[in-house]
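Novice: Sharing a structure with you now.
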Amino acid sequence: MAYGWGDSIRNLATGYFASVMATGIVSIALFLKGVRELSAIWFAIAIALYVLMIGAHLLRLVWFPREVWRDLTSANKVFGYFTFIAGTDVLGTRFTLSGIYSVAMGLGIAALVSWLVLTYFILTFLLFYNTQPVEKVINGSWLVITVSCESLAALGSALADYLPHQHTGLLFVAYAFWSLGIILYLIFIALIMHRFFFYPMTASDLSPPYWINMGAMAITTLAGSRLVLYPHATTFLLSVRPFVQGFTIMLWVWGTWWIPFLVLIGIWKYFVYKERFAYEPNLWSMVFPLGMYTAACETMSSINGLHFVHILVSGELWTAVTAWTVVAISFLVQLFGKNRAAAAAQHLHKAG
């Protein structure tokens, strides 16, 4: 085990697949906006990150199984593993935009199986083994379970035309996951708001995953808009389309409401409380909602009567690209700085 890399693998964050989510959704947003060359670059980076993260997590499982089990049985960390499911689906959706449906289908199957295993494992753990009070463990990462549901809905609707014989079933499953994601969001956001307003909060409590409060609604808007706009709707989908459209717009409004509030939280954290900005894996959980909000607005603006929403797309897109770039540079600076420090420590150890 290389000196320095072992600690990085040991301490690998459960939510590190948020880097794939963030990179993939920026690629999708650029594609939808018509910036195809840049979209292809971000797509390639997303694939590379996906492979890298899978390798890192497998190494952690082999080298540090106790740490993996510790995270799987930690109520404030385990929901981070849902970023694998969401990242897989976001990447799969990007493959559909390139017409590579067979890979997208394989990723969708892997995401669905992982979702079933992880969801029922977490519910069982919380019900029978967790002893910590909710105010001690709940955070924005819990809402990644909603993001995973909505990502399955979005990918399912994207694959419906590729699998015409399963068209009806795929669209129903997409609607089912869209609905389930909303229900889970409503449960968890109530607990998060209770934590916000009725318990003491410190700057460290207000971590970047709280941007998922908005990001979960952005991907719900995207998935709902895709169901509304689906060109070959089934009889069932036609019957629920007014409900889906109305609820989608309502949730987009709620997600939009969060943006100024989250900005105010950031101002308080970094300028009032003066916490030093430094790279942390959770920052990818802030980039993803920005990219997803862009893709959601782009898609929703195609619904009749909502074309005015498109005015938000350009500003949000380049905000997401800028945020991604800042986080990526911060990651590289920390990575190479840490490796230089590890190499120096190793040299001193050998010299001694």
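The values are calculated or read from the model by the stated rules, or taken from the named source; none is laboratory data. The structure presented is a predicted model; accordingly, all values stated were derived computationally and were not measured. Virtual Cβ from ideal backbone geometry, glycine too; neighbours counted across all protein chains shown.
Novice: I'd like the residue in the range 203-233 that is among the aromatic types (Phe, Trp, Tyr) and either part of a helix (DSSP H, G or I) or out of contact with any helix residue (DSSP H, G or I) (no Cβ under 9 Å at 6 or more places or on another chain) (or both) and, out of all such residues, is farthest from Val244 (Cα to Cα).
Specialist: Once the filter is applied, the top-ranked residue is Tyr210.
Novice: Another question about this same structure. Does the range 267-296 hold any residues that are in a helix (DSSP H, G or I) and without any contact (Cβ under 8 Å) to a residue 24 or more places away in the chain, and which are they?
Specialist: Hits for the range 267-296 are Ile267, Tyr270, Phe271, Val272.
Novice: Looking at the range 36-73 only, could you name the residues that are buried (at least 16 other Cβ atoms within 10 Å of the Cβ) and either in contact with a strand residue (DSSP E or B) (Cβ under 7 Å, 6 or more places away or on another chain) or free of Cβ contacts under 8 Å to residues at least 12 places away in the same chain (or both)?
Specialist: Answer for the range 36-73, where residues must be buried (at least 16 other Cβ atoms within 10 Å of the Cβ) and either in contact with a strand residue (DSSP E or B) (Cβ under 7 Å, 6 or more places away or on another chain) or free of Cβ contacts under 8 Å to residues at least 12 places away in the same chain (or both): just Val68.
Novice: Also: Residues that are buried (at least 24 other Cβ atoms within 10 Å of the Cβ) and among the β-branched types (Val, Ile, Thr), at least 2 per element: which helices (runs of 4 or more DSSP H) completely within the range 82-155 meet that?
Specialist: The qualifying helices (runs of 4 or more DSSP H) are 82-97.
Novice: Name, by its number, the condition in (1) modelled with pLDDT of 95 or more; (2) crowded, with 17+ Cβ neighbours inside 10 Å that does not hold for Val253.
Specialist: Single failed check for Val253: (2).
Novice: Taking only the range 306-331 into account, find how many residues are within 16 Å of Met286 (Cα to Cα) and exposed (fewer than 12 other Cβ atoms within 10 Å of the Cβ).
Specialist: 1
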